[in-house]
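Asker: The structure is given below, and queries will be raised subsequently.
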Amino acid sequence: MYRILQQGIQSRIQSLLAERYQIELPSLVVELPPKLEFGEMALPVAFELAKRLKKAPRAIAQELQPLLAEIPGVASVEIAGAGYLNVKLDRAATAQRLAAGEHATVGGEGFRLIEHTSINPNKAAHVGHLRNAILGDTFARMVRPDAWKPGYATGVQNYIDNTGVQVADIVVAVTVLEGMTLEGVRGWIANLAEREQRLDYACWDLYARVSQWYDAEPEKVAERKKLRLDTLHAIEAGGNDTAAIAELIATGVLRRHLETMERLGIEYDFLPRESEILHLHFWEHARKLMVEKGVLYKETAGKNAGAWVMRRAGAPALAEGEVDEDAKILIRSNGTVTYVGKDIAYHLWKFGLLGLDFGYAKFREYLSHTCWVSTTEGEEPHPSFGHADAIYNVIDSRQDDPQTQVKEALRALGYVEAAEKYTHLNYAFVALTPRTAEELGYTLSEEDKAKQYLEVSGRKGFGVKADDLIDRMIGAAREEVEKRHPELESAERAAIAEAIGVGALRYFMLRFTRNTLIAFDFRDALSFEGETGPYAQYAAVRAANIFRKAGVEEDAVLREFAALDASAVLAEDSVWEVWLACSRLSHVLEQGIAQAEPAVLAKYAFVLAQGFNNFYHRHHVLNEPDATKKTVLLATAAVARRSLVQLLAWLGISVPSAM
C-alpha cells in the first residue's frame, strides 16, 4: 500500500515537473522520516531541482506543496527545514485500502534462473552449505509467483559437480583405503541401506581419512597425488569401473542432500551435472566461440606458456610483445580445463547462447512439481531451463574472482546485456561459537575456547552435519514446547517444535547481511527474545490468539472495519505505526530483490514483530470497552498477523499453532 502511494506521488511530481518546468527526473527519492510526527514520506526533490532551476529549495518546495496536497491519499504536505517536503497520509483511507488487501504488485516479464546449494556429492551437507541453500531458497521465494504477487517466472537449480576432485577423493577412499571393487561398492551401499545407516555420513568420515592420508607419509605424497589425478581423469572419461563407482556414490549422496534440504522446505527444479557438461561437449563449443572472437588465446611465453588464457577484467593494455602474466588460465598446459572454463560454457547455456541443451530425466517428485536431472539422452516431454533473462548465483565470497572472470568472458564475447544480468549472490562463511562446538561434543583447547568463532573444515572432519544441526534445533524446541504445552497431542507438539526449530535455523542464517561472517550458536538462534525466528513467530501466534480468545474470524473483523470511521483511533500513533509498517511490505520486498539481499526481509520481520508486540502490550484489545475502537484494534491485529505470515513465508518460515 505504501508503495502504491509512493508511486502515485512520484508520478504526480514527474508530471508537475514536466508541465511547469519542462524537466524530467527519471528517479525521485522518497525517504521515510525519522519520526512519525514528520509524516510518512519525505521528499528532497526541491534540493535536486535547485541548481537546475536556479532557485532556492524552499521556494521550489512552496510551489510544489499545494499541488502535492491534492493527490488522493495525501492528508497534508508540510515544508521542513530548507526545503524538505514532508507528506502526511490520510490514515483512515490508507488503512481501509490496506485492510481490503490492496498492495503494489511485484514482478514482471522474463525468466529468472537461480542457482544455489551446489554441494559436492562426496559427503554429508554441513552448516556452511545450509547458509547457501537458505539464502538461495529465500531469494527464490521472494522472486517467484505466489498468491500474494505475480512475481517472475523462476527456475531453481542445484549444480552437481559429480566429476570433480572431491568425488575423486571419495573414490580413492573406497577403492584404496577400503579396498572395494565396483561390486564391493554396490554391496556396501546396499548394506548401509539395510542397516538404515546413511551413505553421506559414512562418506563424511572417509573423506576426512583420505584427506589426511594424502599427506601422511611425505615420501609417498607425489605417488598418492598422482593416484588422485588418475582417478579424476578416469571419472571424467567415463565408461570404466572408476567412473561407475563415482556415479553410484555421487548419486546416492545427492539423494541424501535433497532429503536434508527438503526438511527445511528447500526444493529444486533442475539438477545440471558436470558429467553432462563434459560428455555433451559444452566446453568444446564454448572454446571454439571464444577462440573465434579472440577472447581465448594460447600463451607462447612467460609462466603460462602452453596454456590457453583470457585477459582478466580491468586488465591494462599491453605494450607490443608484452606478456600478460596475470591472464586467467582456462586450459592448462597439460590440456585439462579449469573450473572457470567449464563455468563459462555453463553460463552461455544458462542464457541460451551456447546452441546446445542437456537431456532431461525425472529425478525427484515433490508435492507440487518434478525435479529434473541432466542426462545425455533424456525423456520427452521435458521443461527447458537454458533461456534465462537474468541469473543469480549463490556462491561464497571465496569465488568472487572466478565469478568476475565468467562475467568478463560474456562481455568480451559481446554478450554485454547478459553480463549485466548476471548477479553473484556472494556470502561469507559460517563458523561455530566455541560454546556450540563444545555442545556438539568437540574437545577444545583453552586457546580455542577464547576465540570468537571456530572455522569448520570438512577435510579435517571438524564441523556440524546439516541433519544433526536440524535435529538438535528441533529437539531443543521440542523440550520447550513440552514444558509450555503438555496439554497438546504429541503430534501437534512435534509439528510445533519442527516449525520453531526450522524457523530458528533459517532466520539465523538470514538475519545477517550476506557478507557478514556468521558464528552459529544454538542458544542465540532459539531464543524467544530479540532478533530471532521464534520471536517473529511468537508475534504472529500472539495475534492469532487474540482472535481465538475473542471467538471471531479475522475476515469478519476486516469486513466490519470497512464500514467504520477509524480516523479517531488511527490518530493514535501507537496504532497507526503498526498499519504503516504493514503497508510497506511491497516496498521492502522490492528493496530486497533489488539488493539481492534476503536480510532486508529478515530484519523487517523483526521490526514488524516488535511493532506488533509494543501495540499488544499498550492496548488491551479483548478488554476494550468502546466497540468501535475494539474493532479497529482487532483489525490492526488481523493486518499485522497477515503481514507477518506473508513475510515469514518468503523467509521459508511457517507459523505454528502455539508457542
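Asker: Could you list, in sequence order, the residues of the stretch 219-265 that are within 21 Å of LEU367 (Cα to Cα) and of a type in the set (Gly, Ala, Ser)?
Answerer: GLY265, the sole residue that qualifies.
Asker: For the stretch 182-199, how many residues meet the condition of being closer than 16 Å to VAL172 by Cα and acidic (Asp, Glu)?
Answerer: Count: 1.
Asker: Okay, moving on. What is the number of the single condition among (1) surrounded by fewer than 22 Cβ atoms within 10 Å (Cβ to Cβ); (2) under 24 Å from GLU37 (Cα atoms); (3) under 18 Å from the mean Cα position of the chain (by Cα) that ASN614 does not meet?
Answerer: All conditions are met except number (3).
Asker: If I go through the stretch 88-98 residue by residue, how many of them are among the small types (Gly, Ala, Ser), surrounded by fewer than 23 Cβ atoms within 10 Å (Cβ to Cβ) and touching a helix residue (DSSP H, G or I) at 6+ places or on another chain (Cβ under 8 Å)?
Answerer: Initially, the stretch 88-98 is screened for residues among the small types (Gly, Ala, Ser), giving 92-93, 95.
Imposing the further condition that a residue be surrounded by fewer than 23 Cβ atoms within 10 Å (Cβ to Cβ) reduces the set to 92-93.
Pick out the ones that are also touching a helix residue (DSSP H, G or I) at 6+ places or on another chain (Cβ under 8 Å) and you get 92.
Within the stretch 88-98, residues that are among the small types (Gly, Ala, Ser), surrounded by fewer than 23 Cβ atoms within 10 Å (Cβ to Cβ) and touching a helix residue (DSSP H, G or I) at 6+ places or on another chain (Cβ under 8 Å) number 1.
Asker: Within the set of pairs 6 or more residues apart or between chains, which connect a residue that is in a loop (DSSP other than H, G, I, E, B) inside the stretch 45-65 to a residue that is surrounded by fewer than 17 Cβ atoms within 10 Å (Cβ to Cβ) and of a type in the set (A, V, I, L, M) with Cβ atoms less than 9 Å apart?
Answerer: ALA56/ALA82
Asker: Another question about this same structure. Within the stretch 359-380, restricting attention to residues that are among the acidic types (Asp, Glu) and under 22 Å from TYR346 (Cα atoms), which residue is surrounded by the fewest Cβ atoms within 10 Å (Cβ to Cβ)? Give the derivation first.
Answerer: Start the filter on the stretch 359-380 by keeping residues that are among the acidic types (Asp, Glu), which leaves 365, 377, 379-380.
With the extra rule that they be under 22 Å from TYR346 (Cα atoms), the set shrinks to 377, 379.
Working: GLU377: 7, GLU379: 11.
The extreme case among them is GLU377.
Asker: When you scan the stretch 139-187, how many residues do you find that are buried (at least 20 other Cβ atoms within 10 Å of the Cβ) and either of a type in the set (A, V, I, L, M, F, W, C) or in contact with a Cys (Cβ under 8 Å, 6 or more places away or on another chain) (or both)?
Answerer: 14
Asker: Is there a residue being of a type in the set (Phe, Trp, Tyr) and within 29 Å of the chain's Cα centre (by Cα) anywhere in the stretch 549-562?
Answerer: No.
Asker: Could you check how many residues of the stretch 577-629 are touching an Asp or Glu at 6+ places or on another chain (Cβ under 6 Å) and either among the hydroxyl-bearing types (Ser, Thr, Tyr) or modelled with pLDDT under 95 (or both)?
Answerer: Selection size over the stretch 577-629: 0.
Asker: Modelled with pLDDT of 95 or more, under 19 Å from the mean Cα position of the chain (by Cα), of a type in the set (D, E, K, R) and not assigned by TED's automatic domain parsing to the domain that holds PHE612: which single residue out of ARG514, ARG478 fits that description?
Answerer: Just a single option satisfies the conditions, and that option is ARG514.
Asker: Something else now. Among (1) closer than 17 Å to ALA18 by Cα; (2) modelled with pLDDT of 95 or more; (3) not charged (D, E, K, R), there is one condition ALA50 misses while meeting the rest; what is its number?
Answerer: Only one criterion in (1) closer than 17 Å to ALA18 by Cα; (2) modelled with pLDDT of 95 or more; (3) not charged (D, E, K, R) is unmet by ALA50, namely (2).
Asker: Please go through (1) surrounded by fewer than 23 Cβ atoms within 10 Å (Cβ to Cβ); (2) farther than 24 Å from VAL210 by Cα; (3) in contact (Cβ under 8 Å) with a residue 40 or more places away in the chain; (4) among the small types (Gly, Ala, Ser) for GLY136 and return the number of the only condition it doesn't satisfy.
Answerer: Failing condition for GLY136: (1).
Asker: If VAL394 meets every condition in (1) under 30 Å from TYR507 (Cα atoms); (2) surrounded by fewer than 20 Cβ atoms within 10 Å (Cβ to Cβ) apart from one, which number is that one?
Answerer: (2)
Asker: How do the pairs read when you match residues in the stretch 15-32 that are assigned by TED's automatic domain parsing to the domain that holds LEU49 and assigned to a helix (DSSP H, G or I) with residues anywhere that are surrounded by 14 or more Cβ atoms within 10 Å (Cβ to Cβ) and not aliphatic (A, V, I, L, M), using Cβ under 9 Å and keeping only pairs 6 or more apart or on different chains?
Answerer: Matching pairs, first to second residue: LEU16/GLU63; ARG20/GLU63.
Asker: Taking the stated definitions as given, is LEU526 touching a residue at least 24 places away in the same chain (Cβ under 8 Å), of a type in the set (A, V, I, L, M) and within 30 Å of TYR616 (Cβ to Cβ)?
Answerer: Yes; evaluated as a whole, the condition is true for this residue.
Asker: Looking only at the stretch 84-107, count how many residues are in contact with a strand residue (DSSP E or B) (Cβ under 6 Å, 6 or more places away or on another chain) and farther than 30 Å from GLN62 by Cα.
Answerer: Of the residues in that region, 1 qualify.
Asker: Right, next: Are any residues in the stretch 75-87 in a loop (DSSP other than H, G, I, E, B) and either within 41 Å of the chain's Cα centre (by Cα) or crowded, with 20+ Cβ neighbours inside 10 Å (or both), and if so, which ones?
Answerer: GLY81, GLY83
Asker: Then there is this: Within the stretch 442-475, take every residue that is within 20 Å of LEU206 (Cβ to Cβ) and among the small types (Gly, Ala, Ser) and give me the one that is modelled with the highest pLDDT.
Answerer: That would be ALA466.
Asker: If you scan the stretch 75-85, which residues turn out to be among the hydrophobic types (A, V, I, L, M, F, W, C) and either touching a Leu at 6+ places or on another chain (Cβ under 9 Å) or closer than 30 Å to GLN96 by Cα (or both)?
Answerer: In the first step, residues of the stretch 75-85 are kept if they are among the hydrophobic types (A, V, I, L, M, F, W, C); the result is 75, 77, 79-80, 82, 85.
Correct list: ALA75, VAL77, ILE79, ALA80, LEU85.
Asker: Looking at the stretch 28-74 only, could you name the residues that are surrounded by fewer than 18 Cβ atoms within 10 Å (Cβ to Cβ), in contact with a Leu (Cβ under 6 Å, 6 or more places away or on another chain) and hydrophobic (A, V, I, L, M, F, W, C)?
Answerer: LEU67
Asker: Of all residues in the stretch 584-611 being among the β-branched types (Val, Ile, Thr) and buried (at least 18 other Cβ atoms within 10 Å of the Cβ), which is nearest to GLU531 (Cα to Cα)?
Answerer: At the first step, the residues of the stretch 584-611 found to be among the β-branched types (Val, Ile, Thr) are 588, 593, 600, 607.
Of the ones still in play, those that are also buried (at least 18 other Cβ atoms within 10 Å of the Cβ) are 588, 593, 600.
On the way: VAL588: 17, ILE593: 21, VAL600: 13 Å.
Step by step, filter the stretch 584-611, then rank; the result is VAL600.
To keep it simple, each residue is scored yes or no on (1) assigned by TED's automatic domain parsing to the domain that holds GLN646; (2) modelled with pLDDT of 95 or more; (3) assigned to a helix (DSSP H, G or I).
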site: THR138; (1), (2), (3): no, yes, yes
site: ARG141; (1), (2), (3): no, yes, yes
site: PRO145; (1), (2), (3): no, yes, no
site: ALA153; (1), (2), (3): no, yes, no
site: VAL156; (1), (2), (3): no, yes, no
site: VAL171; (1), (2), (3): no, yes, yes
site: GLY184; (1), (2), (3): no, yes, yes
site: TYR201; (1), (2), (3): no, yes, yes
site: ALA208; (1), (2), (3): no, no, yes
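Asker: Something else: For the stretch 638-651, does any single residue satisfy the condition of being more than 30 Å from ALA390 (Cβ to Cβ), crowded, with 18+ Cβ neighbours inside 10 Å and free of Cβ contacts under 8 Å to residues at least 40 places away in the same chain?
Answerer: The answer is no; no qualifying residue exists.
Asker: Residues of the stretch 271-304 being of a type in the set (Phe, Trp, Tyr) and either closer than 12 Å to LYS342 by Cβ or under 32 Å from the mean Cα position of the chain (by Cα) (or both), which ones?
Answerer: Matches in the stretch 271-304: PHE282, TRP283.
Asker: Out of curiosity, is ASP357 assigned to a helix (DSSP H, G or I), free of Cβ contacts under 8 Å to residues at least 40 places away in the same chain and more than 21 Å from GLU267 (Cα to Cα)?
Answerer: Against the criterion (assigned to a helix (DSSP H, G or I), free of Cβ contacts under 8 Å to residues at least 40 places away in the same chain and more than 21 Å from GLU267 (Cα to Cα)), ASP357 does not qualify.
The values are calculated or read from the model by the stated rules, or taken from the named source; none is laboratory data. Source: prediction; values computed, not measured. We place every Cβ from the backbone using ideal geometry, glycine too, and count neighbours over all the protein chains shown.
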